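The next block holds one structure in the form of structure tokens; read it before the comments.
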Amino acid sequence: MPSIPDYSQAEDWASLLEIVGSVSGEGLQELTDYAQQKLEASTDPSWAIPMGFSLWKAEKFVEALEALELGNSLAPTSIEYNIIKGMTARRVPGQELLARKSYFQALKIDPFRGDVYYNIGNMLRDDDPKQAEKAYLVSLEIDNKAHLSWHNLGLALNEQDRHAEAFKAFRIGILLNPAYPDGWCNSGLALFGMEDFSRAIRYFRYTLELDEGNEAGHVNLGYALMNEMRPLEALECLKKGVEISSGSVNAIWNLSLIQLMLGNYREGWDLYEARFKTDQFKETVYPTNGLKIDDFSELPKVGEPPVVVWSEQGMGDAIQFCRYLYLLEQSSIPFVFVARKSLFTLMKNWLPYSEKVVQEKTWDPKSDSRSQIALMSLPRLFKTDLHTVPSYLPYLKAPGDPPDDFRIEKAAGGINIGIAWASNPDNKAMYKHKTMPANLLIPHLLDLVELDLIDLHSLQVGPDADQLDPLKSNSRFIDWNSRLNDFADTAYVIDQLDLVISVDTAVAHLAGALGKPIWLLLPANADFRWLLNCSDCPWYPTMRIFRQHERGDWKSVAQDVIDALKIVFALDTNALASEKLAQ
């Protein structure tokens, strides 16, 4: 353990405060005790400042705030007291207003202290990164050599998805303090946000050269390697992250994704439960306050109140994993399934459990004591591996003939093809990652329309559907965008098609669940559920997968689909289209 400076020679509280700033770990308790002795032996309340600071550094925030209250008379005049009190109050739940009051009192005493604005930025960053950015910029106007202000400015910019600007801020911080591991690590995260994974990997590796025990460095390196489709290397990094901190939920969460991608389902599903402890799920609202089912033996028996099964992720996830309701039924386990509004009619009418499907947010969760389980936790309970994926198809079945508004005529050429090329634009990162430019494939499909080989149905909804407005005059092109109100409507359309071509969206899952031929178009670093480098899928036996040859290379995907269509029609469709144009 590093030796502690000789604090007994501290002439006053300010000298001790400086010593506290240089100490970490077990030595902090000695300094706390010494500051407390000096406080009790003197009439100077200023000794509460180093006492509170040492407790703050030891992450004993409630005790630190109590210690600082002993020096409350210092508030009108001591800037150090107010800064440390603000730092402490910020870390105590319910004391946010006290933190603000302390910081602004510090500014009244000295409006030109950059560290005060820096701390205000820290206080604001989680909830309002834009305002935090402004505070950091003021701090840097006062002191532009403060490497932590540059670093935390980078954090605030990263939070706003301004990754290139964040990288510049991090780089300045590194120039000011090149030995700061977090500077390199967060620079890597900015590069990750810019999808420059190869450079991000180098930055994460250098983080670990500076600090081999840096948990975030191992986790982020693993995640970057995973996105570079180097899963075995990623696996080792994430295992190291878990070793360093057994409670690292981010390491466990990412480790689960790699195990699932590699098809190691037993290990993957167990680790996947860590998702509820990550920031991504921190706003999750559970449908009941009852027991969270963690083991098969905890599921209710016949005659007991049903377990509430709910979907915590995307629409496609709900469609993919609702198949597990059949296993619950076969195991005589009473259940109700909570469906989102846009999926409610589909789940109620296309599954054989209409009386067990309820719409979410139609009751008060606090007053419901029934046990509950997330839909995507069921594969773990049923010990699903690659050989036991429940792939009975179709597991969604039409309740009757399609309504007249959704009836599709037989295509003149014999084949009705549906197409969806864009994911949900509300998720900016996934939209950019999963969306294929429409002009890479649509022109060839239109050639097939002109050759009387297919009728083309656009299943694309939202603003991307407008890209095909010029084609609406073609009677063989059918745009369903304005007519689809929910997924039950979409299911009626897909159920009559001969082939669906889609990027990774709920449309692809729906086609697979209906047992329709589905050609799935994937980026190079696709989601874990599509496994690694597979062209088929254990979840959907009617699915064929087309993957980018290299990151961002949608042209290769389009060409592979075009080549496959030539085989389907046993024709050189490009030559036929050129000949028809020449006539």
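Whenever a residue of the stretch 389-418 is over 18 Å from Leu484 (Cα atoms), its partners that are among the small types (Gly, Ala, Ser) and in a loop (DSSP other than H, G, I, E, B), lying with C-beta atoms within less than 8 angstrom and at least six residues away or across chains, give the pairs Leu393/Gly515; Pro394/Gly515.
Taking the condition of a type outside the set (Asp, Glu), buried (at least 19 other Cβ atoms within 10 Å of the Cβ) and under 22 Å from Tyr492 (Cα atoms), does Leu346 pass?
In short, yes.
Within the bounds of the stretch 161-179, is there any residue that is surrounded by fewer than 24 Cβ atoms within 10 Å (Cβ to Cβ), among the charged types (D, E, K, R), in contact (Cβ under 8 Å) with a residue 24 or more places away in the chain and in a helix (DSSP H, G or I)? No, the stretch 161-179 has no match at all.
Of the residues that make up the stretch 393-415, is at least one in the same structural domain as Ser475 (by TED's automatic domain parsing), within 27 Å of the chain's Cα centre (by Cα) and either part of a helix (DSSP H, G or I) or at negative phi (or both)? So far as the stretch 393-415 goes, no, none of its residues is in the same structural domain as Ser475 (by TED's automatic domain parsing), within 27 Å of the chain's Cα centre (by Cα) and either part of a helix (DSSP H, G or I) or at negative phi (or both). In the stretch 1-56, the qualifying residues are those that are under 22 Å from Thr77 (Cβ atoms) and among the β-branched types (Val, Ile, Thr), and the one that is modelled with the lowest pLDDT is Thr43. Taking the stretch 215-259 as the range and being under 19 Å from the mean Cα position of the chain (by Cα) and β-branched (Val, Ile, Thr) as the test, the residues that pass are Val219, Val249, Ile252, Ile258. Only helices (runs of 4 or more DSSP H) whose full extent lies in the stretch 275-385 are considered here, and the ones with at least 1 residues that are in contact with a His (Cβ under 6 Å, 6 or more places away or on another chain) and either assigned by TED's automatic domain parsing to the domain that holds Gly515 or under 25 Å from Ile252 (Cβ atoms) (or both) are 315-321. Mind checking whether some residue in the stretch 80-103 is of a type in the set (S, T, N, Q), modelled with pLDDT of 90 or more, more than 17 Å from Ile120 (Cβ to Cβ) and over 36 Å from the mean Cα position of the chain (by Cα)? No - not one qualifying residue is present in the stretch 80-103. Select from the stretch 84-132 the residues that are β-branched (Val, Ile, Thr) and not in a helix (DSSP H, G or I) and list them in ascending order. Residue satisfying the conditions is Val92 alone. Residue check: Asp404 meets all listed conditions (1) over 21 Å from Cys322 (Cα atoms); (2) at pLDDT below 95; (3) surrounded by 12 or more Cβ atoms within 10 Å (Cβ to Cβ) but one, namely (3). The condition (being part of a helix (DSSP H, G or I), surrounded by 22 or more Cβ atoms within 10 Å (Cβ to Cβ) and of a type outside the set (S, T, N, Q)) is satisfied by just one residue among Val568, Val507, Val561: Val507. Just wondering, is there one or more residues in the stretch 486-501 that are of a type in the set (Gly, Ala, Ser) and part of a strand (DSSP E or B)? No, the stretch 486-501 contains no residue that is of a type in the set (Gly, Ala, Ser) and part of a strand (DSSP E or B).
The values are calculated or read from the model by the stated rules, or taken from the named source; none is laboratory data. No experiment lies behind these values; they were computed from the predicted model shown. Here the Cβ is made from the backbone with ideal geometry for all residues, glycine too, and neighbour counts use every protein chain on show.
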